[in-house]
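As structure tokens, the structure follows; a few thoughts come after it.
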Amino acid sequence: MISVSRVVKSYGSGAAQVRALDDVTMSVEKGEIFGVVGQSGAGKSTLIRTINSLEQPDSGTVHVGGRDMTKLAGRELRQARHDIGMIFQHFNLLSGRTVRANVELSLEITGAGRAQRRTRALEILELVDLHGKADAYPAQLSGGQKQRVGIARALASNPSVLLSDEATSALDPDTTRQILDLIRQLSKDLSLTVLLITHEMDVVKRICDSAAVMSQGRILEQGSVEKLLTTEKSLLGQALFPLGDIPPTSNAVVEITFTGVATDRPVIAQLARQHGIDVGILGAAVETIHGRQTGRTRLELPGDERTVSGAVADLRSQGLYVEVIK
Amino acid sequence: MIDRNDPYFWADLLDTILRGAGETFYTVGVSLLLTVLFGLAAGVLLVTTEAHGLLARPFGSRALGVALNRVLDVVVNIGRSIPFIILMILLIPFTRLLVGSFIGPTAAIVPLSIAGIPFFARLVEIGIREVPRGLVEAAQSLGATRWTILTKVLVAEAVPALALGLSTTVVGLIGYSAMVGAVGGGGLGDVAFRYGYQRYSPEYMFAVVILLILLVQLFQSLGNFAARRLSHR
Ligand SMILES: Nc1ncnc2c1ncn2[C@@H]1O[C@H](COP(=O)(O)OP(=O)(O)O)[C@@H](O)[C@H]1O
Ligand SMILES: [Mg+2]
């Protein structure tokens, strides 16, 4: 649905030049929620802004639903943007318009008639659970409510893509969760493809099907969240399951990642019993990802090489992802 | 010297003051219309033709944007830096060319508008600058045209600031109109000068001053009220 290929974008010139995007290639499948994580300054905003051509890359292509956004201008570009909604960290609502009028702006732009605008605005406000606030002004709303208006405005014209630039970064944790759940729900109900960027791992954990990790204008890894978690030395995995430094030990150390299946099985006890190993637990982290228990455990396995490799093979045969650290 | 004991003294005073006020309203009213029209356009252009502004490349040309921005900036600065009394005199030939004479309420419109436009343009510029850039981006992301963004975002969001700017401008124009009046532009300034000063009538002078104070109060309060009502921040 979205495909970014070899995109480069620099700001400034000479010694002060910053490569905000340094040969970025990525793709987002139709209907999925794709999260780009990275620290501030990584180039996330620049990336998402090239998708709807708010930013024009120096080179490379950006396709959305088959259209090359970098080639569009004028009327064609505006039309393409009707199909790509966007929400923002600071909501960007018009202070002089009521909630309903803010949503209607989107429909005024697409050229809908007055009656149709009204009906559609109220309908979409219902969808984001804000029908009671149609006549309020943004200043009278909480942050979460403001973002709901932002979502309603973005989706009023029935786009197939939703872009989110740190949409929950100005919200408290509870509200963040509500907004993320709403985005997830809407993406299902309206078959939306969602590209969101964030500096918070929690966002990826809660709603993303796929993710990319970005740093200094480059994408360091990308893929489905599950696949990334079970990839050796995955940055996403390490960030989601921080197990800390490995303590000095002469024994073998392994890390087991399990998604769903094995959490309720007594893996460690079994290991001790069947292989006669005195397993030591060095660290563990469990997270709910997409409603499934996912976790990583770091174990110390005393014993000779053969015992250890036998144990590792056994764990792998149970469908667990095992990384031998040392 | 006007005879205060003349039985028609107060009736004449009222008559003269009302005629003067009428002329002032006419002069200031028309000047204000022109000021708002051109000042708004100039103020909006001053902000939007800057680098990365909405009209950074009018008709696809950045050079045109830069030129427009520079010229407007210089013109507005010149307009703002010439003291009104000098501007008024400088403009006499131009006024004569335009309206055939430099005396009378209609002629007064020329210097008043030319002083008012750059004044209001700066106030518009300040108001538009305060509109957060994110709002423009949001509208762009929705596929809005530049005209829509200009009218429904930049100007619409600046309306409370514009209302305040408008009342400040009206007050300024009333002040200037008195100055033009004193040199033949009619209106309340003319009354104060000819009756109050040249014929030593403190009653006339006093009446004009009171009326001016009331007018300024009225317009400033109206502006403040409108700004408050229009702002939903
Ligand atoms: N308009 C701009 N002009 C100059 N530099 C910019 C501009 N926008 C972004 N940058 C620079 O590009 C880099 C990436 O910025 P950004 O995409 O905003 O990062 P993120 O959203 O990940 O925090 C930063 O170094 C930033 O300073
Ligand atoms: Mg950013």
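Each value in this text was obtained by applying a stated rule to the coordinates, not by laboratory testing. As the structure is a prediction and not an experimental result, all values here were calculated from the model. So basically every Cβ, Gly included, is an ideal-geometry build from the backbone, and we count neighbours across all protein chains shown.
In table form, for the structure just shown:
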| item | result |
| --- | --- |
| Helix axis angle, B:156-180 relative to chain B longest principal axis, alpha carbon, degrees | 30 degrees |
| Of A:K30/A:K133; A:K9/A:K227; A:K205/A:K233; A:K133/A:K188; A:K9/A:K44; A:K205/A:K326, pairs whose Cα-Cα distance is over 23 Å | A:K30/A:K133; A:K9/A:K227; A:K133/A:K188; A:K205/A:K326 |
| Loop-located chymotrypsin sites (Phe, Trp or Tyr not before Pro) in segment B:1-95 whose Cβ has at most 11 other Cβ within 10 Å (DSSP) | B:Y8 |
| For A:67-79, mean number of other protein chain Cβ atoms within 10 Å | 1 |
| At R0 = 45 Å, FRET efficiency that the Cβ-Cβ distance of A:S317 and A:V8 yields, to 0.05 | 0.50 |
| Using alpha-carbon coordinates, inclination of helix B:62-81 to the longest axis of chain B, degrees | 20 degrees |
| C-alpha long axis of helix B:9-48 to longest principal axis of chain B, angle in ° | 10 degrees |
| Segment A:1-40 and segment A:89-148: distance between their alpha carbon centers, rounded to Å | 31 Å |
| Distance in nm between pseudo-label sites at B:A67 and A:R114 (7 Å out along the Cβ direction from Cα) | 4.3 nm |
| For the protein assembly as shown, alpha-carbon Rg over 2.2 N^0.38 Å | 1.41 |
| Charge context of B:A108, other residues only, Cβ under 10 angstrom, K/R +1, D/E -1 | -2 |
| Other protein chain Cβ atoms within 10 Å, averaged over every residue that makes up A:86-98 | 5 |
| FRET E, pair A:D189, A:S40, Förster distance 22 Å, beta-carbon r, rounded to 0.05 | 0.10 |
| Inter-site label distance for A:D23 and A:R67 at 7 Å from Cα along Cβ, in nm | 3.1 nm |
| Part-to-part distance (alpha-carbon centres) for segment A:180-194 and segment B:157-172, which is given in Å | 44 Å |
| GluC sites (Glu not before Pro) within segment B:124-157: DSSP coil, no more than 16 neighbouring Cβ in 10 Å | B:E130 |
| Number of partner chain Cβ atoms within 10 Å, mean per residue of B:127-134 | 2 |
